[in-house]
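Student: One structure follows; several queries about it will come next.
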């Protein structure tokens, strides 16, 4: 994943079963978490199922807002998406979250 610092960016994903079919039953909880690395406990920011919309086809939608990245240093961070359903936890995606440079800073938007 890559975002320009301070931008708004929407993401979507679907949970899939072992055969690759979309799971259309809503999870109990979903977490999209961004951290500096996998050794720290505190997230830089996190989106939960309450921050997401859910379509009948099993697609989750969430948005990263400017205030989520405005104060971050450029560089690489790490994310995962974890779901909890009926008490079972599963990481369904993880990887690098790159915050790229910006030219027009929030202070220039007056």
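Readers should treat all values here as calculations from the given coordinates under stated rules, not as data from a laboratory. Note that the coordinates shown come from a computational prediction; the quantities given were computed from them, not determined experimentally. Note: ideal-geometry Cβ built from the backbone for every residue, glycine included; neighbour counts use all protein chains shown.
Student: What is the order of 41, 72, fewest Cβ neighbours within 10 Å to most?
Tutor: By the 10 Å Cβ count, ascending, the order reads 41, 72.
Student: Hey, with R₀ at 25 Å, roughly what FRET efficiency would residue 51 and residue 17 work out to, going by the Cβ-Cβ distance, to 0.05?
Tutor: The formula returns an efficiency of 0.55 here.
Student: Order these by the 10 Å Cβ neighbour count, fewest first: 62, 105, 32, 54.
Tutor: Taking fewest neighbouring Cβ atoms as first place, the list is 105, 54, 62, 32.
Student: What is the order of 47, 98, fewest Cβ neighbours within 10 Å to most?
Tutor: Listing 47, 98 from fewest to most nearby Cβ atoms yields 98, 47.
Student: With both partners inside the chain, how many of the DSSP beta bridges are antiparallel, as a percent to the nearest 5?
Tutor: The answer is about 90 percent antiparallel.
Student: At 222 nm, what helix-only mean residue ellipticity would the chain give, in deg cm²/dmol to the nearest 500, using -39500 (n - 2.57) for each DSSP H run of four or more?
Tutor: The helix-only estimate for the chain comes to -500 deg cm²/dmol at 222 nm.
Student: Further question: Figure the gain on full extension for residue 41 and residue 94 (residue separation times 0.36 nm, minus the Cα-Cα span) and round it to one decimal in nm.
Tutor: Working: separation 53, 0.36 × 53 = 19.08 nm, distance 1.61 nm.
Taking 0.36 nm per residue and subtracting the Cα distance, the gain is 17.5 nm.
Student: Looking at [x] 102; [y] 92; [z] 118, which value of volume of the Cα convex hull per residue in Å³ comes from a calculation on the structure shown?
Tutor: Answer label, from the structure shown: [z].
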